[in-house]
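> Below is a structure I'd like to ask you about.
Values quoted throughout were computed directly from the atomic coordinates according to the rules given, and no laboratory measurement underlies them. As the structure is a computational prediction, the values presented were derived from the model and not from experiment. Glycine gets a Cβ as well: all are built from the backbone with ideal geometry, and neighbour counts include every protein chain shown.
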Amino acid sequence: MTAPATETGPAAAPAAAPAAKPAGDWVGRALDEQLAPPAGSAPGPDEAALTRALADATTGGKRFRPQLVESVHRLLGGRRPQAVPAVAAALELLHTAFVVHDDVIDGDDTRRGRPSTPGTFRAHAHRAGASPTAADTYALAGAVLTGDLALAAAVRAVATAPAPPATISRLLDLLDSALRISAAGELADVRFSLGLAEPSLADVLTMEEHKTAVYSFELPLQYGAVLAGADEAVVVGLGRVGRQLGLAFQLLDDVQGVFGDPARTGKSPLGDLREGKRTPLVVHARTTSAWPVVRRHLGDPDLGPAGAADVRRALEACGSRAFVEQLAAGYVEAATAQTAELGLPAALVAWVGDMSQTLTRGAA
């Protein structure tokens, strides 16, 4: 095999997220600080390739997770603003790790209209003259290693944040728990796609809660509260709120994954169907007259626009789309109600309400 070029181009951007106020340049600066190489280091070509891939993978996206941390910390009257950037950067790096590894698992060479991390490494191997099989191996290695570096950087960012040891210990405990739960959620998603046994609605909701809600919503809200020195009851309560919001987000994202406009969502409306994803849309359809149509196309790697259109019509006609959208609305309502019950500052309660409305509008 001819050695692949070590230059890397645009890589995976963060997954679609609910609309939020831009996090601002402070997140980018925090990421640059965390990813800066040691002074005086002279990386070789392969280390440089991975460094560029990691920098590309953290570029773009709305970076709403850092904004969740900053907002909760501020609205709870937090006095550790110096620790917020590092912890926020850790969450963005954690998200990057999951996105890159998810693209490996799903075999995605694009992410939001750009080459994904494995797609970038694969393209460079092809240009260097590698065989298809060798290029696949290089893409797998490059993406897995890039994701590993992002994960290690996330842990380091938390561990070295300027906060008291007890606070750092609590943050690391929460990170460890989120990692374990999210990894299990990802594995469950893949297991359900095997088609060996059809999961129940409760099964797929638990999977989506674990895979997305825990690290994207629960963890950022809890991080903001911990940095603000909130009582443990508030930290736990905001975690529950985060799970509700995260489930709503993922349910609406599932709908967009089949019905959304690729120009807006940045992903193909064929991907979930081709991969045989057992989303709540699919699980609900299994109990309706639409199932023969959905089953015929689900998991077909050659599914085209005509077949996907048949599936979309069936999902709408049988009420599966409406069911999932109503389910998401219920989780948003529950999150808003639970926030009010925690006895939090009025500004924080109002902020959660506003975020819930924005979430629903952004995925509509």
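> Considering the alpha-carbon set of segment 199-288 alone, what are its Rg and its Dmax in angstrom?
Just the Cα atoms of segment 199-288 yield Rg and Dmax of 15.6, 49 Å.
> Here is a further query. Compute the distance in nm between two label points, each set 7 Å from the Cα along the Cα-to-Cβ direction, one at THR110 and one at LEU187.
3.3 nm
> Let me ask you something else. Suppose R0 equals 30 Å. What FRET efficiency, 1/(1 + (r/R0)^6) with r the Cβ-Cβ distance, do ALA340 and ARG79 give to the nearest 0.05?
Efficiency computed from Cβ-Cβ geometry: 0.75.
> Which three extents, in angstrom, do the Cα atoms of segment 103-262 have along their principal axes, listed largest first?
58, 40, 31
> Still on this structure: Expressed as a whole number of Å, what is the distance separating the alpha-carbon centroids of segment 57-87 and segment 172-228?
21 Å
> Below 8 Å between Cα atoms, with a sequence gap of 6+, how large is the relative contact order for segment 154-298 in percent?
Relative contact order for segment 154-298 comes out at 22 percent.
> Before anything else, pin down the relative contact order of the chain: Cα pairs under 8 Å, at least 6 apart, normalised by residue count, whole percent.
Computed over the chain, the figure is 19 percent.
> For segment 288-364, what does the equivalent ellipsoid look like in terms of its semi-axes, each the square root of 5 times an eigenvalue of the Cα gyration tensor, given largest first in whole Å?
Taking √(5λ) for each Cα gyration eigenvalue gives 38, 12, 9 Å.
> Moving on. What is the percent of Cα-Cα separations in segment 135-188 that go past 15 Å?
In whole percent, the share of Cα-Cα pairs in segment 135-188 beyond 15 Å is 61.
> Students often check this: by mean Cβ neighbours within 10 Å, which of 90-103, 233-246 ranks highest, and how do the rest follow?
90-103, 233-246
> Still on this structure, please answer the following. Place the peptides 272-285, 76-89, 341-354 in order of packing, highest mean first, counting for every residue the other Cβ atoms within 10 Å and averaging per peptide.
272-285, 76-89, 341-354
> Nothing charged except the Cβ atoms of Lys and Arg (+1) and of Asp and Glu (-1): what's the magnitude of the dipole of segment 228-364 about its Cα centre? Round to the nearest 20 debye.
Once rounded to the nearest 20, the dipole reads 480 debye.
> Sticking with this structure for a sec: What translational D, rounded to a whole number of µm²/s, comes out for segment 235-364 from Stokes-Einstein when the hydrodynamic radius is the Kirkwood one over Cα pairs, at 37 °C and 0.692 mPa s?
Using the Kirkwood radius from Cα pairs, D works out to 209 µm²/s.
> With an 8 Å Cα cut-off and a minimum separation of 6 or more residues, compute the relative contact order for segment 56-139 in percent.
22 percent.
> Dipole of the chain, Cα-centred, from +1 at each Lys and Arg C-beta and -1 at each Asp and Glu C-beta, to the nearest 20 debye?
Using Cβ point charges on Lys, Arg, Asp and Glu, the chain gives about 480 debye.
> For SER41, put the label point 7 Å out on the Cα→Cβ axis and report which residues of segment 127-161 keep their amide N under 19 Å from it.
Under cut-off, by backbone N: 142-161.
> Then there's this: In Å and from the alpha-carbon atoms only, list the Rg and Dmax of segment 77-152.
Radius of gyration, then largest Cα-Cα span, for segment 77-152: 15.8, 57 Å.
> Taking 0.36 nm per residue of sequence separation and subtracting the Cα-Cα distance, how much length would be gained by fully extending the chain between ASP176 and ALA55, in nm to one decimal?
41.2 nm
> Right, something else. Report Rg(Cα)/(2.2 N^0.38 Å) for the chain, keeping two decimals.
Dividing the Cα Rg of the chain by 2.2 N^0.38 Å gives 1.00.
> For the chain, what does the helix formula give at 222 nm: sum of -39500 (n - 2.57) over DSSP H segments with n ≥ 4, over the residue count, nearest 500 deg cm²/dmol?
-22000 deg cm²/dmol
> Taking a cut-off of 15 Å between Cα atoms, list the aspartates and glutamates near LYS267, but don't count ones fewer than 8 places away on the same chain.
Hits, sequence-local ones excluded: ASP102, ASP103, ASP106, ASP108, ASP109, ASP253, ASP254, GLU275.
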